[in-house]
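Let me begin by presenting the structure, written as structure tokens, before commenting on it.
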Amino acid sequence: MNKEQKINLLAIESSCDDTSVAIMQNGKILCNIITGQEVHSKYGGVVPELASRSHQKNMIPTAEIALREADLKIEHIDGIAYTEGPGLLGSLLVGQQFAKGLSLATGKPLIAVNHLEAHVLSPLIENPELDFPYLCLLVSGGHTQIAEVESVSKIKILGTTLDDAAGEAFDKVAKLLGLKYPGGPLIDKLSKEGDPNAFDFNIGKVPELDFSFSGFKTSVLYFVQKKQSEDATFVEKHLSDLCASVQRTIVDYLLSKFKKAIKKTGINKIGVAGGVAANSMLRQKILALGNEEGLKVYIPSFQYCTDNAGMIANAAHHKFINKMYSGLDAKVFSS
Ligand code: KG4
Ligand code: ZN
């Protein structure tokens with residue numbers, strides 16, 4: 001701990017295509033700097049090698065901005081946290097090696113954080129009073145899970161996707177509608193002008209609390225191919241209705257499973273996390289569900305939904321207090 005008895009943690013997130021560095025003081029985020037990577041949009045998805053190279057380029061400047069914004073120097077930092085996985089190996093390695101370097105140079109401990117745990121704990125960032133247990137719907141580009149959060153270190157997965165993730169479904173359908181990567185935010189934006197009930201698509205029928213999105217993608221593909229063969233300008237003419245219908249189908253599907261989990265567990269505090277938690281319709285419908293069912297709802301602000309180092313700092317805080325450090329020989333993992 002530094003002179004003023006404050007715990008200052010520097011956290012690094014580099015699991016996919018955003019380079020992020022956050023600084024947390026005594027459990028409060030001082031800054032959460034996110035440097036995006038434009039380079040992938042023309043390829044229709046994240047290109048792993050380009051992501052690693054961009055992290056390499058952006059890491060030090062992002063950390064410098066974070067320290068400047070928090071008005072701290074590296075010698076004020078008490079612990080260095082980083083994402084250990086799951087994610088892209090090359091990208092994770094850039095963040096981890098930078099963290100190891102900082103740890104060696106400063107003599108401060110290293111803290112490895114699981115990316116999914118960090119997402120699931122993100123509703124706590126702005127609501128430290130949120131007590132356990134709570135149910136979290138984690139919806140990102142790589143994962144779709146319903147988690148029962150019993151404590152910061154005890155997270156039970158009640159359901160998961162059997163194929164694509166919810167974010168992936170948004171992105172893949174967006175691509176077949178001719179939209180750029182990442183398509184999720186674009187579908188959200190275009191949906192505002194469209195009719196969510198204009199078209200119906202089939203979506204995965206898998207039991208209990210698991211999810212499936214691969215059939216949905218095929219259903220949209222066949223529908224669009226058929227309509228385009230009758231009228232080549234179909235997608236262009238109906239783009240906002242298509243987006244709104246796609247969004248409604250995914251959101252209602254996520255909510256139907258989440259409602260099932262709420263009923264099954266009887267837990268009355270709910271949260272949502274991950275990039276798709278930035279979706280305006282999902283946020284709206286989760287709030288409405290809370291009102292209807294008398295549930296307490298915790299939705300992180302946008303900057304803590306998509307990949308960010310603030311959530312890594314948040315998950316690292318209790319590990320630091322409990323001296324759950326990682327060694328310089330720590331590995332990263334992809335899944
Ligand atoms: O959590 P995240 O930033 O990265 C992963 O760990 O995967 O999630 C990224 C995903 C992408 O698939 C992106 O399209 C989706 O989140 N996303 C959205 C929205 N904002 C981001 N999907 C729907 N509506 C949004 N507003
Ligand atoms: Zn993520």
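The values are calculated or read from the model by the stated rules, or taken from the named source; none is laboratory data. Only a predicted model underlies this, so the values are computations on that prediction, with no experimental measurement involved. Cβ: placed from backbone, ideal geometry, glycine included. Neighbour counts: every protein chain shown. The area values use the complete protein model at the heavy-atom level, side chains included, leaving out ligands, DNA and RNA. Shrake-Rupley method; radii C 1.70, N 1.55, O 1.52, S 1.80 Å.
Some notes on this structure:
- Residue in region 168-177 that is out of contact with any Leu (no Cβ under 6 Å at 6 or more places or on another chain), within 16 Å of ligand 2 (Cβ to nearest atom) and within 23 Å of LEU121 (Cβ to Cβ) present: yes
- Screening ILE286 against (1) under 21 Å from VAL220 (Cα atoms); (2) within 14 Å of ligand 1 (Cβ to nearest atom) leaves a single unmet condition, (1).
- Residue count, region 183-210 (criterion: in contact (Cβ under 8 Å) with a residue 60 or more places away in the chain and either outside the structural domain of ALA273 (by TED's automatic domain parsing) or over 11 Å from VAL246 (Cβ atoms) (or both)): 3
- Restricting attention to region 119-174 and to residues that are out of contact with any helix residue (DSSP H, G or I) (no Cβ under 7 Å at 6 or more places or on another chain) and among the basic types (Lys, Arg), the residue that is farthest from ligand 1 (Cβ to nearest atom) turns out to be LYS154.
- Condition check for ALA169: buried (at least 17 other Cβ atoms within 10 Å of the Cβ) and modelled with pLDDT of 95 or more: yes
- Region 14-27: number of residues that are in contact (Cβ under 8 Å) with a residue 60 or more places away in the chain and not in a strand (DSSP E or B): 6
- Some residue of region 216-237 being assigned to a helix (DSSP H, G or I), in contact with a helix residue (DSSP H, G or I) (Cβ under 9 Å, 6 or more places away or on another chain), charged (D, E, K, R) and touching a residue at least 12 places away in the same chain (Cβ under 8 Å): yes
- Region 278-329: number of residues that are more than 16 Å from ligand 2 (Cβ to nearest atom), open to solvent by less than 20 Å² (accessible area, probe 1.4 Å) and in a loop (DSSP other than H, G, I, E, B): 0
- For region 263-277, the tally of residues that are open to solvent by 20 Å² or more (accessible area, probe 1.4 Å) and touching a Leu at 6+ places or on another chain (Cβ under 6 Å) stands at 1.
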